[in-house]
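The next block holds one structure in the form of structure tokens; read it before the comments.
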Amino acid sequence: MVRGYGTSETTTSATSSTARHLVRLHFENGRLVMGHRQIESEAYKASKKHNKLCYREFSEAPKPDNFLAYIGDLANLFSGASLTDNANTGVVRLGDGRVVCLTETIKGSTVVDPNTLDTLGRFQFSDNLGGLVHSAHPIVTDSDFLTLLPDLINPGYLVVRMDPGTNERKVMGRVKCRGGPSPGWVHSFPVTEHYVVVPEMPLRYCAQNLLKAEPTPLYKFQWHPESKAYMHVMCKASGKIVASVEVPLFVTFHFINAYEEKDEDGRVTAIIADCCEHNADTTILQKLTLQNLRSYSGQDVLPDARVGRFRIPMDGSPYGSLEAALNPNEHGKGLDMCSINPAFLGKKYRYAYACGAQRPCNFPNTLTKIDLTEKKAKNWLDEGSIPSEPFFVPRPVQQRKMMVS
Ligand SMILES: [Fe+2]
């Protein structure tokens, strides 16, 4: 039997206007068996009951009179009570076996039963770290849970760790933002064996947009190219910042992986961090809406993307570089929803799996396997369909590794 827990995201925002659908797959006597259920979040239950959107979602907001009537009053709006708990960005299995669905809002952390897919209730953090949002994609292994808590008041990030069997996040260290006026959006972040890489993207959180009732073009973010872009490297053991470099402007949702580059003596000379990079263009945020997915007219409107490879020098240099890791034409200049074999988390790796593009298209439409050594990609297209994030299944099934989408 194979059971997987992955993010299985369709798109960052196309799914966010609908409640999260959990899917369970397993193989039994050579046959694939599937089950599915809705996560019964407060946002889902309220919209079922009132037959309309009641909470502030990623890209959608209920009309003010609707949800103020539902939520109560303006004070609740600014306390974050109106924010969704619709856990629609990922599913993780903690080291202690609990399965938690997550989203950008901390209140959206929801425990489910992996066998029945029953919603068991909210995952309550027992610490006092507070905050409204966290990274949608924590780093989860059998022994670790690492995530970032952006500080919107005093721009920075707390890097926190939670041990299996507990609900208490402990602070590993803090990163102070170098640009302003608020921290860069951290939908995801990468780690290496010894370091946590904290990106500071010029697409920054906007507290007003986060709590505002009206939808804004960049949702809860603002684009601040003048604030520049940075990459910070924190030592896991000490919590100290060991490198902080300015890098070219970038836009990414999803980091793919990171690893340490070493010299002959085993000293770390640089950190390599890869992401699905949208050429520092925020247009992609509007292109991932459900409305755009459904309104394809044959025009090639998907913005170009690439494997953005950061090189962060560890010798005290002030600048890092950002370049395409392979020719973006290999994957139709479309790229997102990435994954890797989890055995290579934080280590030098060769293959990445993602959704690429076969042009013309309005959405990432291929399942793509990228070979970062040969700098080649294989793309598979099923005409008329859109794949979800490929999910790598590391255990052999009939001696073959698999990918599920
Ligand atoms: Fe995501």
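In order along the stretch 217-232, the phi-based Karplus estimate (6.51 cos²θ - 1.76 cosθ + 1.60, θ = phi - 60°) of 3J(HN,Hα) comes to x, 9, 6, 9, 10, 9, 8, 10, x, 5, 7, 6, 10, 9, 10, 10 Hz; Gly and Pro are listed as x.
Relative contact order for the stretch 210-344: 23 percent, from Cα pairs under 8 Å spaced at least 6 residues apart, divided by residue count.
Magnitude of the charge dipole for the chain, about its Cα centre and with charges confined to Cβ atoms of Lys, Arg (+1) and Asp, Glu (-1), is about 520 debye.
Can you quote the Å³ per residue value for the convex hull of the Cα atoms in the stretch 77-168, rounded to an integer?
Per residue, the Cα convex hull of the stretch 77-168 comes to 93 Å³.
Projecting the Cα atoms of HIS278, ILE256, SER227 onto the dipole axis of the stretch 218-289, where Lys and Arg carry +1 and Asp and Glu carry -1 at the beta carbon, places SER227 farthest toward the positive end. Take the Cα radius of gyration of the stretch 195-260 and divide it by 2.2 N^0.38 Å, N being the number of residues; the result is 1.33.
Restricting the calculation to Cα atoms, the stretch 110-255 shows an Rg/Rh of 0.98 when the hydrodynamic-style radius is the Kirkwood one. Under 5 Å between amide hydrogens, built in the peptide plane, is the criterion, and for ALA229 it picks out VAL247 among residues at least 5 positions away or on other chains. When the Debye formula is applied to the Cα atoms of the stretch 277-405, each taken as the same point scatterer, what base-10 log of I(q)/I(0) results at q = 0.16 Å⁻¹? For the stretch 277-405, the Cα-only Debye profile gives -0.85. Each residue of the stretch 276-283 was assigned a 3J(HN,Hα) from its phi angle through the Karplus expression (A = 6.51, B = -1.76, C = 1.60, θ = phi - 60°), giving 7, 10, 9, 6, 6, 10, 7, 3 Hz with x at Gly and Pro.
If you wrap a convex hull around the C-alpha atoms of the stretch 21-404 and split its volume per residue, what is the figure in Å³?
Value for the stretch 21-404: 155 Å³ per residue.
Dipole size of the stretch 295-346 about its Cα centre, with +1 on Lys/Arg Cβ and -1 on Asp/Glu Cβ: approximately 80 debye, rounded to the nearest 20.
Would you mind putting 340-351, 225-236 in packing order, based on average other-beta-carbon counts within 10 Å, highest first?
Result, highest mean first: 225-236, 340-351.
Annotation: the antiparallel percentage among DSSP beta bridges lying fully within the stretch 21-404 is about 95. Shown here for the stretch 99-198: GluC sites (Glu not before Pro) in loop regions (DSSP other than H, G, I, E, B) with at most 14 other Cβ atoms within 10 Å, namely GLU168, GLU193. The fewest-to-most ranking of ASP265, ASP281, ASP336 by surrounding Cβ atoms within 10 Å reads ASP265, ASP281, ASP336.
What number, rounded to the nearest 500 deg cm²/dmol, is the helix-based mean residue ellipticity at 222 nm of the chain, given -39500 (n - 2.57) per DSSP H run of at least four residues and division by all its residues?
On the way: 6 runs with 38 residues, N = 405.
Here the helix-only value at 222 nm equals -2000 deg cm²/dmol.
Can you sort SER297, SER182 from fewest to most other Cβ atoms within 10 Å of each residue's own Cβ?
Sorted ascending by nearby Cβ count, the order is SER297, SER182.
Distances between placed amide hydrogens fall under 5 Å for ARG56 paired with LEU83, THR84, all partners being 5 or more residues away or on another chain.
Relative contact order, whole percent, for the chain stands at 11, derived from Cα pairs under 8 Å and 6 or more residues apart.
Bear in mind these aren't lab numbers, they're just calculated from the coordinates by the rules spelled out. Because the structure is a prediction, the values reported are computed rather than measured. When we count neighbours, we look across all protein chains shown, and the Cβ atoms used for this are built from the backbone with ideal geometry, even at glycine.
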